[in-house]
Amino acid sequence: MQADMKAEAEARGEDLEFKPEFKPLSAEEAQAWRQRNPASLSVVSLWRVPFWQAVVGGVVALAAWLFTGRPSVGWSAGYGALAVVVPAALFARGVSSSFMRLLPGGAMLGFFVWELVKIALTVAMLFAAPRLVEALSWLALLAGFVVTIKVYWLALVLHSRRRVPVKPN
């Protein structure tokens, strides 16, 4: 098997003899790398995304109400936004709690559990919409839902543009 792999690599013109060894960084080298690359260590706040989702959802609901002149359309768009914001806030609260960090692998387990809770709550809120919103407009609800959920992408784009430039030594 190795002979076949070697023959294929030689046919592609690859040199199998040269393989640089992996060299772990010392503590000083790692600290120097962190100082040169501070932006790579920053993350988007868990609470910033639901906050901006709520703001955008409110704007969409108000715009739907003003555009159509029907309060029920505004409430429908607002409920669609709430179907994103409430589960996202619950997810942020659950993931940021210290309980799951105590267990080995707890952070990963907590992430998956709270993501499952977020999805289940979103689906439950969408199923409950016809009973909770009077004269529900599904189109407005969907518009509020989709526009609000796209704030995740907006947060990532805006965060990537805020990176701190690396200063040469």
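The values are calculated or read from the model by the stated rules, or taken from the named source; none is laboratory data. Since we're looking at a predicted model, the values are computed, not measured. Cβ atoms come from the backbone with ideal geometry, glycine included; neighbour counts cover every protein chain shown. With ligands, DNA and RNA removed, areas are computed over all heavy atoms of the protein, side chains included. Shrake-Rupley method; radii C 1.70, N 1.55, O 1.52, S 1.80 Å.
For the stretch 36-43, the condition holds for at least one residue, the condition being that it is under 30 Å from Gly144 (Cα atoms) and either modelled with pLDDT of 70 or more or open to solvent by 80 Å² or more (accessible area, probe 1.4 Å) (or both). A residue that is in contact with a helix residue (DSSP H, G or I) (Cβ under 8 Å, 6 or more places away or on another chain), open to solvent by less than 60 Å² (accessible area, probe 1.4 Å), at pLDDT 80 or above and of a type in the set (Phe, Trp, Tyr) occurs somewhere in the stretch 59-79. Within the stretch 81-112, the set of residues being open to solvent by 50 Å² or more (accessible area, probe 1.4 Å), modelled with pLDDT under 75 and outside any loop (DSSP other than H, G, I, E, B) comprises Arg101, Leu102.
Go through the stretch 123-144 and give me each residue that's open to solvent by less than 70 Å² (accessible area, probe 1.4 Å), within 16 Å of Phe67 (Cα to Cα) and either part of a helix (DSSP H, G or I) or free of Cβ contacts under 8 Å to residues at least 40 places away in the same chain (or both). Listed by number, the residues that qualify are Ala140, Leu141, Ala143, Gly144.
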